[in-house]
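Quick notes on the structure that follows.
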Amino acid sequence: MSSTKTISDSDFKNFYLKRIIKENHNNFIQQIQLCPGSGYDESSYSCGNLLASIGANQLNIYDNEHIGNHLDLMSHMVLDEEDEETILSSCWLLPPQDCWIVLGGTEGYIHAISLAYSQEIIKFKPHSDDITQILSHPNLTYYCLTTNIENSLILTELKIKSTSSVFSPCGNIIYFGNQKGQIFQSLLNCEFNSKDETNWSIEEPELIYNGRDHGNASIDSINITQNGNIIFKANNGKLASYNLLEQKMNYIVTIKNGGYHRSSFGLSKGEEYLTIGNEVGNILIYRTSTGQLLQTLKHKRSSKPVKCAIFGNNNTNIIYCSEGFIWRYDYLDDKILQEWENLNKMQQ
């Protein structure tokens with residue numbers, strides 16, 4: 001199902017657990033990341049069906065849409081087995097006629113993997129310690145932002161394999177949270193040198209939220225909506241929305257059984273809904289604008305802390321990871337459910 005379904009509040013009761021995959025990372029899954037779809041460049045491929053799973057020093061790529069109803073393994077890659085590097089974060093880049101998955105981990109290296117060539121094409125070390133997060137720029141094909149364990153930011157142009165700048169002037173805005181629960185913004189600026197080359201740099205961060213409203217707990221997942229609200233989750237089990245224009249909190253909700261563990265949330269296409277997992281393996285679905293809890297998805301086999309939860313690109317499934325497993329809930333319409341019920345009656 002490639003088209004985006006218009007999901008309503010009542011549809012979430014029709015989400016059923018249909019897929020459980022035991023990963024082969026031989027370790028916990030650190031993150032799952034869905035490819036955003038089409039790239040900024042018109043010649044980029046449409047890759048919205050691709051799902052990346054990272055753990056230990058391994059990467060798996062799955063097809064979330066095209067192999068019937070299955071979540072099917074497409075590609076498996078292991079970094080240098082002699083290194084003890086653990087991959088902690090990833091992001092997608094969509095250069096013309098290719099698709100890259102960019103990885104960062106405990107040794108401070110960035111690895112760019114080309115799916116078209118099925119190999120690592122870039123490796124360099126912008127940080128001296130753990131890279132905890134990598135973000136792809138929404139409009140610039142080859143640029144990504146890396147954050148290390150000490151919250152240092154480096155903007156990197158992967159095409160030329162060098163860092164453009166660190167902590168100084170030029171461009172759009174980056175929002176990021178820290179271990180004290182504070183939120184900062186940094187401006188991205190661009191300059192053109194005598195060779196008509198573009199240099200990007202990051203301005204000194206500016207504090208925009210002090211973190212007191214949610215108890216100054218460390219922020220472990222953050223996003224910004226099209227209407228200018230910053231959504232974030234803290235490791236004390238709080239989920240919050242902050243209004244940038246009015247500089248006030250829209251809401252703070254306590255995630256049921258949220259616990260004190262790091263986890264990241266996902267927004268639906270259209271940003272109307274938000275999904276996040278809790279410490280006991282449940283998936284919760286909220287209305288993004290109000291923080292209203294709409295549905296809790298539970299299954300007796302899912303009982304461990306959820307590390308990451310996301311919506312599929314067509315809004316008809318929710319994928320999440322817990323320890324060494326990938327799980328997927330799928331929307332089933334009333335017609336299918338009635339067929340199942342009739343089949344059960346016939347078998348009795």
Next on the checklist: A 28 angstrom limit on the alpha carbon distance is what I want to check against. Which of K13/K248; K233/K269; K22/K125; K300/K335; K13/K307 exceed it?
Outcome noted: K13/K248; K22/K125
Checklist entry - Who wins for biggest fluctuation among Q30, Q119, Q133 in a Gaussian network model of the chain, springs between alpha carbons below 10 Å? => result Q119
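How much length is gained if the chain between D334 and S303 is pulled fully straight, taking 0.36 nm per residue apart and subtracting their Cα-Cα distance, in nm to one decimal?
Taking 0.36 nm per residue and subtracting the Cα distance, the gain is 8.4 nm.
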Next on the checklist: Please give the charge dipole size of the chain, origin at the Cα centre, charges +1 on K and R Cβ atoms and -1 on D and E Cβ atoms. Round to the nearest 20 debye.
Outcome noted: 1420
Checklist entry - Too long at a 20 Å Cα-Cα cut-off: which of K256/K298; K256/K304; K18/K298; K123/K180? => result K123/K180
Next on the checklist: Can you give me the distance in nm between label points at A116 and N189, each placed 7 Å from the Cα along the Cα-to-Cβ direction?
Outcome noted: 3.5
Checklist entry - At a Förster distance of 35 Å, what's the computed FRET efficiency of L245 paired with E150, Cβ-Cβ distance as r, to 0.05? => result 0.70
Item to check | Calculated from backbone phi, Karplus (6.51, -1.76, 1.60) coupling profile of segment 237-249 in Hz, x at Gly/Pro | outcome: x, 9, 10, 9, 10, 10, 7, 5, 5, 8, 6, 8, 7
Checklist entry - Hey, what did the chain get for relative contact order, percent, Cα under 8 Å, at least 6 apart? => result 14
Checklist outcome for this item: Largest fluctuation, T254, T316, T156 only, Gaussian network model of the chain with Cα springs under 10 angstrom, belongs to T254
Checklist outcome for this item: Between the modelled labels at K22 and H76 (7 Å from Cα along Cα→Cβ) the distance in nm is 1.3
Checklist outcome for this item: Extension length gain for K123 and Q179 (0.36 nm per residue less Cα distance), in nm, is 17.3 nm
Checklist entry - From the backbone phi of segment 47-54, what are the Karplus-calculated ³J(HN,Hα) couplings (6.51 cos²θ - 1.76 cosθ + 1.60, θ = phi - 60°) in whole Hz, Gly and Pro given as x? => result 10, x, 8, 8, 10, 9, 10, 10
Checklist outcome for this item: Cα extents of the chain per principal axis, largest first, Å, are 78, 47, 39
Next on the checklist: With angles folded into 0 to 90 degrees, how steeply does helix 334-347 sit against the dominant principal axis of the chain? Use alpha carbons for both and round to 10.
Outcome noted: 40
Checklist outcome for this item: Fewest-first ordering of V78, V102 by Cβ atoms within 10 Å yields V78, V102
Checklist entry - Could you put F124, F176, F265 in order, starting from the residue whose Cβ has the fewest other Cβ atoms within 10 Å? => result F124, F176, F265
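No lab work stands behind these numbers, since they all come straight from the coordinates. Note that the structure is a prediction, hence the values are computed from the model and not measured. All Cβ positions, glycine included, derive from the backbone under ideal geometry; neighbour counts span all protein chains shown.
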